[in-house]
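Asker: Once you've had a glance at the structure underneath, I'll fire off some questions.
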Amino acid sequence: DEIISFNYLTTEWDMNTPFACLCGADYCFRMIRGYKHLTPEQRSRLRGLVTPALHELSTAGNLALPHFLAKVGTKVETTEPVPASTVLFDCTQYSVHPSHIEIFQSTIPHSNDANSVLVEGRLVTSRPLRDHEQLTVNLCFFVYDMEAMFPDSFDPACRGFKYLEDDVKQRNLYLCEPPLRADAMRDGWVVRSTNEQVLIRPNGDMGQTAYAANDIATGTVLFHATGLMVPFPTMYTVCVGEKQHLLFGGAAECLAHHCDPNVRLDVTAEGTFHMVTRRDVKAGDLLAFNYTTTEWDMNSPFACLCGSSVCAHMIRGFKYQSDAQRQRLWPITSDYIKSLAGRQQFESVDNVITRIGEDGHLKTATAVKSGTILMHADRYSVEGAFAVLDGMRIRHSSNPTAAIVEKRIVAIRPLEAGAEVTIHLALIAYSIPAFVDVESGARITGFSGLTEDERDRWMYLVEPGVRVEAVQNGAVMRSSSPLVAVRANGEMGQTTFAASAVAKGTRFFKTTGPMLPFPTVYTILLAVGKNLLFAGGAQCLAHSCNPNVKIVPSDDTETFDLLALRDIAADEIISFN
């Protein structure tokens, strides 16, 4: 009954899908990414187990130097000035010695003021380098205890990370190799927070994580993260721009992932970021942000166990999020990741009129008048209790704030800033799978399930296809005027007739509705830029080149009346030109 297992690191050089190991072994490698990413010490643990292919890959090749580096004896130096954060060369195959590391017969000596660091198997400049400057590394960032590794030949000036001053450890832990970090944690080292409101403590397999030391209010800046910018992602970086990945420390690296986080990252124009609380946090709460809000395609995907009702389960990056997940995260997603997602996905949303709120729902960004175009929507569908318009999910409401009119989302009443944009799903679908409206408790099944009064109330806002289907199924529009009746009229559909005789000069059928800045087949132009979308049966008024009524706009051009041009007999069609 024993599980049969092997170590995937013995057969894979650079794994297609890295994962976190939870085997619990004393020498667990934790992040399983491939033999390529192991240190010499880790590789020594697997000696005799790796396949011939991996042995060949790990011993073959020469040190390939870029044009701005040259070998001088066994050392390597620059041939021209080199900027900080420049990748010098791959450094996955090296050996550690008391005073240097060796890479294919080249030596990089130790220095306490080193000019390069090892990051994910690449040697990277940690500051700008001068012309003819020799490359150096700090061996204390490679090995936890040099005395233990070289008991007879260690250099007293380089004893390993274990023997550094505490302040030096705190400043530089983020630049150390992952196995060294693990050794330090096993030896009792605890990261010290640079913010007294944040406490760092061990958290099992998650390593060391950040907790609130006291109650923290919404909008509190916890950390201003700075560090080393590298042009590639690692499991310890945050993407702040194209080929800009910040490797950071100061305890900010201890914030966990959560799919419904209490912290967000605000990336600055300088390529750093602030960690800011999204909501009030109680003392003792785990502090976390959502890693997918800053990463497009993650270097090290992992399974999430946060337990949130919106948990994505597999955390791989924003690239792999559904439209619904993207919408929920959009307010806290970095601008660069939004640009990779394609702003056209929500291009009608990111404007001065609307925004996606912290709860993931569409909100007004400012107060708007009735008839204001909130966004465009070329495609729409119904998914549960939501209308999905070009990827944007808008919640159903039986008392909606907006409607779809001619592929536009339009406010149907004045709205304050921050009002949620909602749509009545019965206006866009004649029949849908039933659900219960959480606001009213009503059972929603589409337009077909509305009462006669509800149909009269909403018919003027119903999408044309729904209106046709409703009429075909016997729906009749009711007139708001006792002088007007609406009846079926063959191919003309439903038409207005005089319910009784109407004398010449009579003003009747006062009509109002939302004012739109664009015309539709159901609007009347009352003033420049003011198109009245009318209801109450007035939408059934017929056209005639010899009409019996004319439209009379009100003084404020917000409503209109009909004026009888001649005596109209009972049952006569009422029409205007």
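The values are calculated or read from the model by the stated rules, or taken from the named source; none is laboratory data. None of the values given here were measured: they were computed from a predicted structure. No Cβ is skipped: glycine too gets one built from the backbone with ideal geometry, and neighbour counts run over all protein chains shown. All accessible areas refer to the heavy atoms of the entire protein, side chains included, with ligands and DNA or RNA removed. Shrake-Rupley method; radii C 1.70, N 1.55, O 1.52, S 1.80 Å.
Asker: What nm distance separates the two modelled labels at L340 and E452, each placed 7 Å from Cα along Cα→Cβ?
Answerer: For the pair L340/E452, the computed spacing is 5.9 nm.
Asker: So if we plug the beta-carbon distance of T234 and A25 into 1/(1 + (r/R0)^6) with R0 = 25 Å, what FRET efficiency do we get, rounded to 0.05?
Answerer: For T234 and A25, the calculated efficiency is 0.55.
Asker: If you take the charge dipole of the chain about its Cα centre, with +1 on Lys and Arg Cβ and -1 on Asp and Glu Cβ, which of V191, V76, P519 is farthest toward its positive end?
Answerer: Comparing the listed Cα positions along the dipole, P519 ranks first.
Asker: Set the Förster distance to 22 Å, then compute FRET efficiency between I3 and R186 from the Cβ-Cβ distance, nearest 0.05. Spell out each step's value before the answer.
Answerer: On the way: r = 25 Å, r/R0 = 1.13.
Between I3 and R186 the formula returns 0.30.
Asker: Hey, how many Å between the Cα centroid of segment 151-221 and the Cα centroid of segment 64-118?
Answerer: Here the answer is 27 Å between Cα centres.
Asker: Which of the aspartates and glutamates could a cross-linker bridge to K162, judged by Cα under 15 Å and excluding same-chain residues fewer than eight apart?
Answerer: D145, E147, E177, D183, D187
Asker: Sum -39500 (n - 2.57) across every DSSP H segment of at least 4 residues in the chain, then divide by the residue count to get the 222 nm mean residue ellipticity, nearest 500. Before the final figure, lay out each step's value.
Answerer: Details: 9 runs with 64 residues, N = 577.
One gets -3000 deg cm²/dmol as the mean residue ellipticity at 222 nm.
Asker: How many nm separate the modelled label positions at L525 and N112, each set 7 Å beyond the Cα in the direction of the Cβ?
Answerer: For L525 paired with N112, the spin-label model returns 8.3 nm.
Asker: Turning to a different aspect of this structure: Strictly over 25 Å apart at the Cα level, which of K319/K369; K243/K338; K407/K550; K369/K407; K530/K550; K338/K363 would you flag in this model?
Answerer: Exceeds cut-off: K319/K369; K407/K550.
Asker: Here's something else I'd like to know. Let me check the size of segment 518-577 from its C-alpha atoms; what are the radius of gyration and Dmax in Å?
Answerer: Cα only, segment 518-577: 12.0, 36 Å (Rg, Dmax).
Asker: Could you check the simple spin-label distance between V476 and T366, using points 7 Å along Cα→Cβ, in nm with one decimal?
Answerer: 4.7
Asker: Output the peptides 22-31, 518-527, 117-126 sorted from most to least packed, where packing is the average of other Cβ atoms within 10 Å over each peptide's residues. Can you show the working numbers first?
Answerer: Working: 22-31: 11.8, 518-527: 14.8, 117-126: 21.5.
Sorting 22-31, 518-527, 117-126 by mean packing, highest first, produces 117-126, 518-527, 22-31.
Asker: Give, to the nearest whole percent, the P(r) tail of segment 430-561 beyond 18 angstrom, counting all Cα pairs.
Answerer: Working: 5161 of 8646 pairs.
I get 60 percent for the Cα pairs in segment 430-561 exceeding 18 Å.
Asker: Give me the percent of accessible area attributable to carbon and sulfur for the chain, probe 1.4 angstrom.
Answerer: Its accessible area is 51 percent carbon and sulfur atoms.
Asker: Return one quarter of the surface area of the convex hull spanned by the alpha-carbon atoms of the chain, equal to its mean projected area, in nm².
Answerer: Seen from a random direction, the Cα hull of the chain projects 37.2 nm² on average.
Asker: From the gyration tensor of the Cα coordinates in segment 192-251, what semi-axes in whole Å does the equivalent ellipsoid have, largest first, with each one equal to sqrt(5λ)?
Answerer: That gives 24, 15, 9 Å for the three semi-axes.
Asker: Quick one: plug the Kirkwood hydrodynamic radius of segment 245-323 (C-alpha pairs) into Stokes-Einstein at 20 °C, 1.002 mPa s, and report D in µm²/s.
Answerer: Result for D is 159 µm²/s.
Asker: What's the ranking of 421-431, 232-242 by average number of surrounding C-beta atoms within 10 Å, highest first?
Answerer: Peptide ranking by packing, descending: 421-431, 232-242.
Asker: Could you state the per residue volume, in Å³, of the convex hull enclosing the Cα atoms of segment 244-385?
Answerer: Per-residue hull volume (Cα only) is 153 Å³.
Asker: Further, regarding this structure: Under a 5 Å amide H to amide H cut-off, with H placed in plane at 1.01 Å, what residues pair with A365 once short-range neighbours are removed?
Answerer: So A365 has HN proximity to T354, R355, G418.
Asker: While we're on this one: Which whole-number percentage describes the relative contact order of the chain, with Cα contacts under 8 Å and a sequence gap of 6 or more?
Answerer: Reported as a whole number, the value is 6 percent.
Asker: What does the charge count near L135 come to, summing +1 for each Lys or Arg and -1 for each Asp or Glu among other residues with Cβ under 10 Å from its Cβ?
Answerer: Around L135, the charge tally is -1.
Asker: In whole Å, how far is the Cα centre of segment 426-447 from that of segment 372-394?
Answerer: So the two Cα centres are separated by 16 Å.
Asker: Dipole magnitude of the chain about its Cα centre, charges +1 at Lys/Arg Cβ and -1 at Asp/Glu Cβ only, in debye to the nearest 20?
Answerer: That gives a dipole near 1280 debye.
Asker: Note the direction-averaged projected area, equal to a quarter of the hull surface, for the Cα convex hull of segment 171-271, in nm².
Answerer: 7.1
Asker: Compute, for segment 119-216, the length of the dipole vector about the Cα centre, with Cβ point charges of +1 (Lys, Arg) and -1 (Asp, Glu) only. Units Debye, rounded to 20.
Answerer: 200
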